[in-house]
Amino acid sequence: MKDQQVKLEMASRRRFLKGISAALGGLVVGAWLPPMAPKSAAAEAVAQGKASLGDSLADGFGAFVRVGHDGRVALISPKAEMGQGIQTGIAMMVAEELEVGLDQIDIQEAPPNAELYTDALLQFQATGGSTSTRYTWEPLRRAGATARMLLVRAAASVWETDSNLCHARDGKVFGPTGQKISYGDLVDLAATYALPDDVILKRPEDFHLIGTPATRLDTPTKVNGQAKFTIDLDMPGMLITSARACPVYGGKVRQVDDKAARRVPGVRDIVILEDVVAVTATNTWACFQGLKALNIEWDYGANSKIDSAVVDQKLQDAIQRDGVVATEKGAIDASLQAASSKFEAVYEQPFLSRSPLEPMSCVVHVRDDGCDLWVGTQVPGFAQQTAAAVTGLKPEQVKVHNQWIGGAFGRRLDFDFITQAVRIASKVSYPVKLTWSREEDMTHDLYRPQYADRMTAAVNGEGFPVGWQHRIAGGSIFARYVGSLPASGVDPDAVEVAVDPIYKLDSLKVHFIREEPEVVPVSWWRGVGVLRSTFAIECFVDELAHNAGKDPLSYRKTLLAHKPRVLTALDLLASKVAWDSPVPRGRGRGLAVGEVFGSIVVTMVELSAIGEKGVRIERLVTVVDCGLVTNPTSVKAQMEGGTLFGLSAALFNEIDIKGGQVQQENFHAYRQLRISEAPPVEVHIVPSAEAPGGVGEAGTALIGPALLNAVNATFGDRVRRLPLVRSGYFIA
Amino acid sequence: MLTLNVNGTTHQVDVPGDMPLLWVIRDILKLTGTKFGCGIAQCGACTVHMDGKPVRSCVLPVQSVAGQEITTIEGISEKPLARKVQRAWLDHEVAQCGYCQSGQIMSALALLNDQTSINDHAIDLAMAGNLCRCATYTRIREAIKDVSESVGVWQP
Ligand code: FES
Ligand code: FES
């Protein structure tokens with residue numbers, strides 16, 4: 001591993017130097033990026049010399065940072081902007097070390113390039129899993145610092161003085177006798193130097209930008225209608241296309257009568273694929289009308305016999321079994337035997353759709369000599385690979401132009417819609433923009449799996465768990481996404497948090513029981529395994545506290561004595577909500593705590609009961625310790641949005657299946673929290689100098705259990721299945 | 001041919017009369033600030049103003065709006081109140097992905113144009129038709145409250 005890293009590092013260096021000579025007269029600074037996982041399709045192809053790296057440095061792209069003659073800094077963002085504010089965060093990291101203003105930075109989307117832009121935490125080029133800040137933190141600051149050092153050195157050589165006597169500020173280098181040169185005038189000389197080996201990053205106490213609530217760079221055009229998302233793009237000669245795939249996953253087209261569809265004004269072509277029929281037209285409405293006018297006979301296939309009840313039953317059965325052991329610490333059987341009591345509960349979570357507000361959309365132009373894709377994607381490398389596979393072109397002939405994303409939540413880690421767009425575009429001679437209707441989008445999502453967790457604790461005389469057995473049953477996203485499970489047979493995502501709970505336990509045994517629903521494909525959401533495990537554990541611990549007749553907060557603290565950061569967060573929450581003072585009659589408070597995505601989060605929900613089943617959310621407070629904060633505004637926004645996103649799902653959302661078909665087609669049936677129902681989210685950030693943690697999914701992870709724990713505290717009703725409305729509750 | 005008045009400009013469009021205004025705006029007039037989210041008046045992403053009132057353009061056949069004054073997000077920046085709203089949206093860092101925000105701003109602006117007294121309940125009524133999948137609701141409320149205060153119509 002070490003050797004390989006060194007080798008790749010050398011290769012990366014060479015390319016860097018080559019990049020400088022060919023760059024467009026500017027300074028190009030890359031930073032070393034580690035290799036990617038052999039499981040990544042793109043990476044594997046690259047490693048075996050089967051695929052190109054896409055845009056190469058020799059074409060004029062620096063890995064991360066390029067300083068132009070005009071002094072402007074091009075930042076090639078390895079992370080897609082989908083509302084999380086990451087591109088501003090990365091720009092802050094670069095600007096801080098490069099000593100330029102945020103307004104000097106122009107952000108460009110990174111092209112597919114597995115070697116350069118692989119995220120070491122995800123092990124492929126992607127935006128997701130709350131890794132963006134955690135991962136870019138080091139290499140992006142280093143890229144900025146490297147460029148600064150080269151520029152300072154160039155200035156020093158112009159002035160024939162020592163670099164140590166010069167310093168950089170606001171895009172200029174200042175010399176010992178008050179001389180100054182702007183970066184733009186130094187880039188040619190700086191570009192002739194080799195990369196320094198001794199890059200020193202700033203100490204946090206010297207930051208002047210990082211940690212400040214800097215204004216997002218992408219928002220000004222998002223308030224005046226000028227921001228362009230994929231769905232807004234227009235190309236010369238482009239037609240719109242929309243598609244209908246077989247309503248049952250795995251089904252096929254038997255035959256199509258398109259006479260009526262062809263008569264719809266504006267309709268150009270009907271494209272019939274094995275499992276999909278598409279209409280192209282001069283406008284979106286004509287596409288939708290054309291699709292409606294099609295008379296399609298489907299061969300629904302085997303899945304058409306499956307209803308939600310079947311999936312349910314399979315999971316109920318599965319959770320009673322043992323599975324593949326993901327971890328075993330101590331002797332759980334002995335613990336259970338010796339325990340003064342045992343407690344067991346099963347927690348269930350439904351299929352969920354991602355349904356970002358921008359429906360799936362992708363612009364494609366397939367030509368004999370190449371293919372261009374304009375698409376907002378979390379996985380540009382996979383987009384390139386799939387287009388190459390469909391068209392038979394070489395990956396380097398496929399150009400991916402990443403776009404701002406109108407919401408992702410994991411949806412754009414999948415590239416099914418990109419594949420479909422390229423399949424359609426391959427059948428016509430003009431560029432097309434695929435736009436799905438909301439109905440197509442919701443019924444042809446890939447779904448967060450339905451899960452069951454069975455927790456069995458051995459409880460000591462004081463009511464504390466000495467150990468527990470945690471069984472997890474459901475489909476494996478990892479296997480679907482990567483192609484197979486690891487040799488262990490354990491889905492590493494599904495068991496996250498479960499295999500390393502924050503609580504101190506003498507014994508622990510975690511089973512993964514793979515039970516594929518078959519009827520729909522399963523996929524990522526705004527956090528998956530972390531959320532599922534956290535939900536089960538936090539509901540369960542709350543029940544244990546309740547059974548022991550103890551306060552749920554102090555009960556948790558007893559089990560968390562070895563986690564000082566978590567205790568600090570809990571104490572902060574307790575003081576913010578005056579936990580020790582009594583709750584008014586008819587109200588109840590629920591709590592959940594977790595160490596998720598590298599951050600610590602504590603969430604508290606206070607409810608009041610309106611009649612027997614009416615729920616009013618009186619207060620929602622969350623405390624986050626996400627280590628060193630790049631932009632506190634973005635952290636708060638992510639905690640607010642993530643928490644309410646999770647609340648919406650915990651209250652309302654569930655995908656049902658009947659005859660193999662997803663029943664929820666639009667937002668009337670898959671309803672979302674509205675402003676009138678959304679409580680204010682109070683976010684408190686724990687000041688911290690620890691390494692940065694993720695926040696995109698952190699809030700989402702804690703709200704579900706906090707809500708159900710609050711329902712118990714308020715109504716004396718232990719609900720163990722999401723969503724809450726399933727148990728007859730409503731928002732009052 | 002239908003005659004449409006959008007953002008103060010008259011357009012002749014050759015489209016079927018039942019085509020929803022949304023698609024005329026987006027695909028024919030190429031004003032893409034108005035968004036498509038659901039097509040069934042559930043999300044509010046397509047909100048525009050018709051004679052100053054907020055409407056869901058995805059369910060409005062274009063023939064029914066001929067002769068009326070249509071305003072889209074692209075047509076508001078000249079108006080001082082609209083600029084205040086946009087400013088407040090930036091000051092409060094409302095937008096996340098931003099996809100819903102054209103619609104949010106059009107609904108908020110209609111509320112502020114229309115009401116002489118605004119409180120939380122009025123915000124609920126005016127804004128409940130606009131979904132935000134990124135759930136930026138806390139900030140939307142703060143931004144509207146901020147503008148209401150600055151123009152003297154906030155009455156809790
Ligand atoms: S697109 Fe019109 S309300 Fe959703
Ligand atoms: S900001 Fe993303 S949907 Fe509202």
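The values are calculated or read from the model by the stated rules, or taken from the named source; none is laboratory data. The structure displayed is predicted, hence computed values, not measured ones. Here Cβ is always computed from backbone atoms with ideal geometry, including for glycine, and neighbour counts include all displayed protein chains. The area values use the complete protein model at the heavy-atom level, side chains included, leaving out ligands, DNA and RNA. Shrake-Rupley method; radii C 1.70, N 1.55, O 1.52, S 1.80 Å.
What's the total number of residues in the range A:472-484 that are under 21 Å from A:Val311 (Cα atoms) and either assigned to a helix (DSSP H, G or I) or among the aliphatic types (A, V, I, L, M) (or both)?
Count: 7.
So that you can scan it fast, the table gives a plain yes or no per residue for (1) more than 10 Å from chain A (Cβ to nearest Cβ); (2) under 18 Å from B:Lys30 (Cα atoms); (3) of a type outside the set (D, E, K, R):
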| site | (1), (2), (3) |
| --- | --- |
| B:Lys84 | yes, no, no |
| B:Leu90 | no, no, yes |
| B:Cys97 | no, no, yes |
| B:Ser102 | no, yes, yes |
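Is it true that some residue in the range A:282-303 is within 28 Å of A:Arg423 (Cβ to Cβ), surrounded by 19 or more Cβ atoms within 10 Å (Cβ to Cβ) and over 36 Å from the mean Cα position of the chain (by Cα)?
Pass one, the range A:282-303, residues within 28 Å of A:Arg423 (Cβ to Cβ): A:282-303.
Still in the running and surrounded by 19 or more Cβ atoms within 10 Å (Cβ to Cβ): A:283-291, A:294, A:298, A:303.
In the following step, the residues that additionally are over 36 Å from the mean Cα position of the chain (by Cα) were identified as A:294.
Yes, the conditions are met somewhere in the range A:282-303.
Restricting to the range A:558-585, what's the tally of residues that are under 32 Å from the mean Cα position of the chain (by Cα), without any contact (Cβ under 8 Å) to a residue 40 or more places away in the chain and surrounded by fewer than 17 Cβ atoms within 10 Å (Cβ to Cβ)?
Result for the range A:558-585: 4.
Would you call A:Ala457 surrounded by 22 or more Cβ atoms within 10 Å (Cβ to Cβ) and part of a helix (DSSP H, G or I)? Quick ask: steps written out before the conclusion?
Working: surrounded by 22 or more Cβ atoms within 10 Å (Cβ to Cβ): yes; part of a helix (DSSP H, G or I): no.
No: the conditions fail for A:Ala457.
In the range A:174-272, which strands (runs of 3 or more DSSP E) lie fully inside it and hold 2 or more residues that are within 14 Å of chain B (Cβ to nearest Cβ)? Spell out the reasoning first.
Details: elements: A:180-182, A:239-245, A:252-257, A:267-272.
The strands (runs of 3 or more DSSP E) meeting that bar are A:239-245, A:267-272.
Could you please tell me which pairs satisfy a Cβ distance under 7 Å, a separation of 6+ or placement on different chains, a first residue in the range A:651-669 that is touching a residue at least 12 places away in the same chain (Cβ under 8 Å) and within 14 Å of chain B (Cβ to nearest Cβ), and a second residue that is open to solvent by less than 30 Å² (accessible area, probe 1.4 Å) and in a strand (DSSP E or B)?
A:Asn653/A:Leu352
What's the total number of residues in the range B:1-42 that are facing chain A (nearest Cβ under 7 Å), closer than 15 Å to B:Leu60 by Cα and open to solvent by 20 Å² or more (accessible area, probe 1.4 Å)?
Looking only at that region, the number is 4.
So is B:Tyr137 at the interface with chain A (Cβ under 9 Å from one of its Cβ atoms), open to solvent by less than 10 Å² (accessible area, probe 1.4 Å), under 30 Å from A:Ala408 (Cβ atoms) and more than 14 Å from the chain's Cα centre (by Cα) or not?
Details: at the interface with chain A (Cβ under 9 Å from one of its Cβ atoms): yes; open to solvent by less than 10 Å² (accessible area, probe 1.4 Å): yes; under 30 Å from A:Ala408 (Cβ atoms): yes; more than 14 Å from the chain's Cα centre (by Cα): yes.
It is true that B:Tyr137 is at the interface with chain A (Cβ under 9 Å from one of its Cβ atoms), open to solvent by less than 10 Å² (accessible area, probe 1.4 Å), under 30 Å from A:Ala408 (Cβ atoms) and more than 14 Å from the chain's Cα centre (by Cα).
Kindly check whether there is at least one residue in the range A:407-416 that is buried (at least 22 other Cβ atoms within 10 Å of the Cβ), within 16 Å of ligand 1 (Cβ to nearest atom) and not assigned by TED's automatic domain parsing to the domain that holds A:Ser533.
Step one: list which residues in the range A:407-416 are buried (at least 22 other Cβ atoms within 10 Å of the Cβ), which gives A:407-415.
Then keep just the ones that are within 16 Å of ligand 1 (Cβ to nearest atom); that gives A:407.
Applying the additional criterion that residues be not assigned by TED's automatic domain parsing to the domain that holds A:Ser533 yields A:407.
Yes: one or more hits.
Taking the residues in the range B:76-85 that are in a helix (DSSP H, G or I) and open to solvent by 20 Å² or more (accessible area, probe 1.4 Å) as candidates, determine which candidate is nearest to A:Lys228 (Cα to Cα).
Looking only at the range B:76-85, we keep the residues that are in a helix (DSSP H, G or I), and these are B:80-85.
Checking the rest, the ones that are also open to solvent by 20 Å² or more (accessible area, probe 1.4 Å) come to B:80-81, B:83-84.
Values: B:Pro80: 24, B:Leu81: 24, B:Arg83: 20, B:Lys84: 23 Å.
Of everything passing the filter in the range B:76-85, B:Arg83 is nearest to A:Lys228 (Cα to Cα).
Could you tell me whether B:Ala45 is part of a loop (DSSP other than H, G, I, E, B), within 16 Å of ligand 1 (Cβ to nearest atom), surrounded by 24 or more Cβ atoms within 10 Å (Cβ to Cβ) and aliphatic (A, V, I, L, M)?
Working: part of a loop (DSSP other than H, G, I, E, B): yes; within 16 Å of ligand 1 (Cβ to nearest atom): yes; surrounded by 24 or more Cβ atoms within 10 Å (Cβ to Cβ): yes; aliphatic (A, V, I, L, M): yes.
The answer is yes for B:Ala45.
Kindly indicate whether A:Glu665 is assigned to a loop (DSSP other than H, G, I, E, B), open to solvent by 10 Å² or more (accessible area, probe 1.4 Å), in contact with a helix residue (DSSP H, G or I) (Cβ under 8 Å, 6 or more places away or on another chain) and modelled with pLDDT of 95 or more. Working first, answer last.
Values: assigned to a loop (DSSP other than H, G, I, E, B): yes; open to solvent by 10 Å² or more (accessible area, probe 1.4 Å): yes; in contact with a helix residue (DSSP H, G or I) (Cβ under 8 Å, 6 or more places away or on another chain): yes; modelled with pLDDT of 95 or more: yes.
Spelling it out, A:Glu665 is indeed assigned to a loop (DSSP other than H, G, I, E, B), open to solvent by 10 Å² or more (accessible area, probe 1.4 Å), in contact with a helix residue (DSSP H, G or I) (Cβ under 8 Å, 6 or more places away or on another chain) and modelled with pLDDT of 95 or more.
Could you list, in sequence order, the residues of the range A:114-129 that are outside any strand (DSSP E or B) and modelled with pLDDT under 75? Outline the logic, then answer.
Taking the range A:114-129 and keeping what is outside any strand (DSSP E or B), we get A:114-118, A:120-123, A:125-129.
A:Ala114, A:Glu115, A:Leu116, A:Thr118, A:Ala120, A:Leu121, A:Leu122, A:Gln123, A:Gly129, listed by residue number.
Which number in (1) more than 24 Å from A:Ala214 (Cα to Cα); (2) in a helix (DSSP H, G or I); (3) away from ligand 2 (no atom under 13 Å from the Cβ) marks the one condition that B:Ala88 misses?
(1) is the only condition that B:Ala88 fails.
Does any residue of the range A:421-444 turn out to be closer than 24 Å to A:Gly529 by Cα, in contact (Cβ under 8 Å) with a residue 24 or more places away in the chain and either open to solvent by 30 Å² or more (accessible area, probe 1.4 Å) or touching a helix residue (DSSP H, G or I) at 6+ places or on another chain (Cβ under 8 Å) (or both)?
Taking every residue of the range A:421-444 in turn, at least one turns out to be closer than 24 Å to A:Gly529 by Cα, in contact (Cβ under 8 Å) with a residue 24 or more places away in the chain and either open to solvent by 30 Å² or more (accessible area, probe 1.4 Å) or touching a helix residue (DSSP H, G or I) at 6+ places or on another chain (Cβ under 8 Å) (or both).
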